[in-house]
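Below is one structure, written out as structure tokens, with a few remarks after it.
The values are calculated or read from the model by the stated rules, or taken from the named source; none is laboratory data. Just so we're clear, the structure is a prediction, and the values are computed from it rather than from any experiment. Here the Cβ is made from the backbone with ideal geometry for all residues, glycine too, and neighbour counts use every protein chain on show.
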Amino acid sequence: MRRLDCLLPLTLALNSGCKTDCDVVQSEFHLRLTTGSGDIALLLVERGVSSGGNEPEATSRAVGIIERVLQGARLLPPKGGLISLDFDAEQAEIELKQDADLDRDERRRLPLIRACRVEKAGLFLDEQERLCLYQLWRLGPAAPILAWINEKISRDLLEEEKPDRPFEARFPFLDEASWRLALAKACASGAWIRIEDGALVLELPMTQECAAKCMLALADEGALLDDDRALLRGATGLQVSDDRLVIRFGPGPEGWLKPPGSDPRGAYDPRFLEAVRDKGLVIGPAMTLEQANRLLRSR
């Protein structure tokens, strides 16, 4: 997919599946690039959590997933949906294989998965009395994560290129010249994502004409997918020069990047909240960024 959101989020690039046991109205991703140990941290907040169906079996499965998350299971995002990661299952599956049977990607991915852990998870009610869930993740050292993601981006772009297929303009590569620049960067194993002065920097090769078209697309409500638009709202800087577009995602006062949250999707069903309460799961306060910082420093 030539989507902008597949180039940036550090956590959603690891794997994908199809699970629909839980639904949420809105997600927020707070990312911190520098902790005391040099690890990347992620605070995921899911607002308006409900089950993926009204049947008792669906509600029971959804409650079971929430219970696992509260016990520290490495599920990301816990809501399931089009992209859903189960690091516990992924690690177990790879470790069952003989070393000689592991492919290159599995060898690179396994130490990254092993380094991921959930520091704390909890339920809370927001200002609209909706059931919400947070997870504080420590994702491991930044350097190997960024190296793996940059390699994966280049590999995915090169696999998408089909010499016998005519060019198709898709955001963010809206002209063929920019697409050729991207392929050249992928062939040269160039860095797409880097950390610079505490900010996450995304660098896309493209012509100035293509960059102008991208800016127009941002102003057109119907031109972009919701996830692309939500991601770009988290940007703190943008520069076009020398056939490249540089987008910066800088930290706020608490040291966390502005969250590229998703747009609200669907209506909230409050019935699931009663099922969670019937199970006796604890609903407490939300986690603040200051509390997350204290917890990360203490471990």
_Condition check for G140: assigned to a strand (DSSP E or B), touching a Pro at 6+ places or on another chain (Cβ under 9 Å) and under 15 Å from L75 (Cβ atoms)_ = no
*helices (runs of 4 or more DSSP H) completely within segment 202-299 that count 1 or more residues being modelled with pLDDT of 90 or more and surrounded by 13 or more Cβ atoms within 10 Å (Cβ to Cβ)*: 208-219, 271-279, 289-297
*asked:* Take the conditions without any contact (Cβ under 8 Å) to a residue 40 or more places away in the chain, of a type outside the set (A, V, I, L, M) and more than 30 Å from P205 (Cβ to Cβ) and apply them to K162. Does it pass?
replied: no
*From Q128, Q135, Q98, which residue is of a type in the set (S, T, N, Q) and within 26 Å of G72 (Cβ to Cβ)?*
Q135
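Give the residue that is surrounded by the most Cβ atoms within 10 Å (Cβ to Cβ), with candidates limited to residues of segment 51-100 that are of a type in the set (K, R) and at pLDDT 90 or above.
Looking at residues that are of a type in the set (K, R) and at pLDDT 90 or above, I get R74.
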*So which of A121, A177 is assigned to a helix (DSSP H, G or I) and of a type in the set (A, V, I, L, M, F, W, C)?*
A177
